[in-house]
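To start, the structure itself, in structure tokens.
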Ligand code: EPS
């Protein structure tokens, strides 16, 4: 079973990740991992922390001579900013530890709930772990899962659909259009492929910054090239839409997820929602719509998988809302921690990493093995069966 755990605090010494269950024989380099980390640091609206860090993974185990060994893969991402927090974040008792104590919880963040749950009178003990800084670990792990999927011609993409009240018309992605799509997304400061809307999103972020506000928005992430039959209807927890939704919802500040056109599908009659099935000798079984987002009945159906995530505005406001100072039990304005104004572009990279993990886990559950060659053989057999018996092939 493919799984991973992350550890580390935003201003601690480092973020640490351990992955178990990766098959042996997959080529991967720290450079490929760091490329994804660099993508996560970008995005108009990111805060001052991104100017301090140059996130990079130091691989400590599970990869030798450029190939996974099948053993646990571990790596760490050092926090450059730690040098400014060594006293406050000291492991041993330290006089300076409480210099940056937090007693005015930010509405929308984990501060108050975490303090109650763990009896943290200094809420810094909550926010250091609750910080979106943790997503750097997920993006680094996602780089490895992504490499596994690409070995089997499955590729991940994402786009920003809206920021605040500025919405673009989301662009559908397929194998023909994906290269040009990627070029336009990666050249946008907010990862929106529509250049004109991209400019309006940047303006909305600048206006929010001026007003002491923060902004959320919506991003879409998807996977091309997934064969039918990944995931299962036979158990509730095996349903692929449930697995991917939970992974996306686990990203800090994500408050709603839809699979395919899930929200608008709920407003339409069935004949305007379900994707009709067609057949011809050349193409075999195929569809001309994909409102289901590539998943039906808990399983991939062979169409591109796409999900959309709706992110709340970042809780830290430079014009803070009311809160309660729990050190003196008086109503006061909330604490201000250095923060982003908008992190939707960054969150779309985290979303890519989470769907990469969900798909890799479900893919290995279907055609897995202990080493890449074994998986290649299993997958080739499955693909031949799909065409021979069910006239399905990747288009
Ligand atoms: C982030 C690191 C954090 C925040 C931000 C994202 O670093 P710092 O707290 O030192 O500024 O900038 O986290 C949040 C906005 C949040 O609310 O958790 C990162 O690495 O993505």
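Just so it is clear, none of the values below were taken in a lab; they were calculated from the coordinates. Treat the numbers as computed from the prediction; the structure is a model and nothing was measured. All Cβ positions, glycine included, derive from the backbone under ideal geometry; neighbour counts span all protein chains shown.
Regarding segment 203-210, can at least one residue be identified that is in a loop (DSSP other than H, G, I, E, B) and either surrounded by fewer than 20 Cβ atoms within 10 Å (Cβ to Cβ) or without any contact (Cβ under 8 Å) to a residue 40 or more places away in the chain (or both)? If you could, list the steps in order and put the result at the bottom.
Pass one, segment 203-210, residues in a loop (DSSP other than H, G, I, E, B): none.
There is no residue in segment 203-210 that is in a loop (DSSP other than H, G, I, E, B) and either surrounded by fewer than 20 Cβ atoms within 10 Å (Cβ to Cβ) or without any contact (Cβ under 8 Å) to a residue 40 or more places away in the chain (or both).
Quick check on segment 81-97: of everything there that is surrounded by 13 or more Cβ atoms within 10 Å (Cβ to Cβ) and not in a loop (DSSP other than H, G, I, E, B), which residue is nearest to the ligand (Cβ to nearest atom)?
Among those that are surrounded by 13 or more Cβ atoms within 10 Å (Cβ to Cβ) and not in a loop (DSSP other than H, G, I, E, B), it is 81.
Would you be able to tell me the number of residues in segment 24-51 that are loosely packed, with under 13 Cβ neighbours inside 10 Å and either more than 16 Å from the ligand (Cβ to nearest atom) or in a helix (DSSP H, G or I) (or both)? Talk me through it step by step, then tell me what you get.
Narrowing segment 24-51 to residues loosely packed, with under 13 Cβ neighbours inside 10 Å: 31, 35, 48, 51.
Checking which are either more than 16 Å from the ligand (Cβ to nearest atom) or in a helix (DSSP H, G or I) (or both) leaves us with 31, 35, 51.
Adding up the residues that qualify gives 3.
Considering only segment 53-79, state which residues are within 16 Å of the ligand (Cβ to nearest atom) and loosely packed, with under 13 Cβ neighbours inside 10 Å.
If the condition is that a residue be within 16 Å of the ligand (Cβ to nearest atom) and loosely packed, with under 13 Cβ neighbours inside 10 Å, then 54 is the only one that fits.
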